[in-house]
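Please read through the structure below; I'll follow up with questions.
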Amino acid sequence: MTTDPGRPRLHFTSRSGWINDPYGLTWHGGRYHLFFQHVPDQVVWAPQQRWGHAVSDDLLHWTELAVAVEPGDGDDGIWSGSVVAPDDGDAALFYTSVRLTDLQLGSARVARPTDDSWNEWVKKGVVAVPPPGLDVVAFRDPFVLHDGTTWRMLMGAGLADGTALALTYTSADLESWTYDGVLAERSGAETDPVWTGSVWECPQLFRLDERWVLVVSVWEGHATHFEAYAVGDLVDGRFTADRWDRLTYGPGYYAASTFTDADGARCLIHWVRDLVDPAARWASAHSVPHAVRLDGDRLVLSPHPAVDAARTGAPATVRDGVVETDGPVDLELVLGGDGGSATLALAGTAVLAVEAGQVHIAVEDGSAWSMPLPGASLRVLVDAAVVEVFGPAGVSSFALDREPGPLSVGVSGAASATVWNLDALGET
């Protein structure tokens, strides 16, 4: 059991220091391996990142291991990337190698494990650099997949004219890579139906229900914004979007990373920003894993079935009242059949007001935002200070200002909430 009552129990945090992007989450050797950007000795971002490493049996309770890849040997910083583990070969870890002299223009480099434990990795060569002939001002975050024909690497990038894009490289063997052009691009001046910035970070491309989905993290002005996505088609290394849409809302989620679970189901996991231990021992967390599905051209996220399996005891039901509960909770807010407005209050410091197809979220620190709710239900997870909100047209996360102890959940208006406790045993 942890001795830190303010630390989330079911959302990964490091023993100490700063974390941000999750990546390379893989079911391997009978357990899940998670890698993440990490600065062990401070709680603010720094360019001298390394790859942290943690393992889990169930995607909720994590054990942190030794750092997998450290700066040095030509890398001032080890930034985001991906891991592939082909059935017929050795695993490969692709990361962004950065130099302090130009943090925006990285290169893609590969490392290989020394054995099947994946505890130690040996750096190999650089496999991708910004292509000549393009005025690239940002280049990072290699994401590698097999597209059914070849191994394909995506690199997040941006051009000097404000165009955000994903560049692509191909390989037959994961060793030798050839630049293959622009997989997808969109001007930062476009705002209909959603703005997608001037740089795409952490591009993620995956197949879902016979369609292809591209998820990008929107970056501009040296600031992280939100995640956007498009459902479309991939033909000869070129992605054509049906339409673009926004995936995340609020100050929390960024840097989504896709993976398949032990059952082969497609999932996402995110970095949760703006979460700092008051005692300055650790900063930031990762979301619980999210199951993904398509509803037409809409990408819908929900808590992974591992969260449902963690529900324990009989649920409490509250309507026009308040209930107090201990530990992490999972609640479902259902609007009355006649619609109308409703309010969900958490710990007396955050209010979710539902009305007219929108969720308006306001937090005690003064921040406020809205997300669409084209339906009659909303699911909310609360784990210490981490709140995750799931709707049929987007997700949101934020930090809750609360002291350790029982959580108060209040419901008023035309809705009722069913509240489950979640099993927090097993954390390390």
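Scale the Cα Rg of region 311-422 by the rule-of-thumb value 2.2 N^0.38 Å and send over the ratio, two decimals.
Cα-based Rg divided by the globular estimate yields 0.97.
To the nearest 0.05, how large is the calculated FRET efficiency for residue 104 and residue 238 if R₀ is 22 Å and r is the Cβ-Cβ distance?
0.30
For residue 207 and residue 90, what does the FRET efficiency come to when R0 = 25 Å and r is the distance between their Cβ atoms, rounded to the nearest 0.05?
That pair, residue 207 with residue 90, gives E of 0.55.
Roughly speaking, what is the centre-to-centre gap between region 253-293 and region 1-70 when only Cα atoms are used, to the nearest Å?
What the calculation gives is 10 Å, centre to centre.
Compute the separation of the alpha-carbon centres of region 94-160 and region 365-390 and state it in Å as a whole number.
About 34 Å separates the Cα centre of region 94-160 from the one of region 365-390.
Pulled fully out, how much extra length does the chain show between residue 192 and residue 326, if you take 0.36 nm times their separation in residues and subtract their Cα-Cα distance?
43.9 nm
R0 = 22 Å: FRET efficiency of residue 403 with residue 312, Cβ-based, nearest 0.05?
0.40
With runs of 4+ DSSP H residues as the only contributors, calculate the mean residue ellipticity of the chain at 222 nm using -39,500 (n - 2.57) per run, divided by the residue total and rounded to the nearest 500.
Result for the chain, helices only: 0 deg cm²/dmol.
Readers should treat all values here as calculations from the given coordinates under stated rules, not as data from a laboratory. Here the structure is a predicted model, which means the values were calculated and not measured. Every residue, glycine as well, gets a Cβ built from its backbone with ideal geometry; the counts of neighbours run over all protein chains shown.
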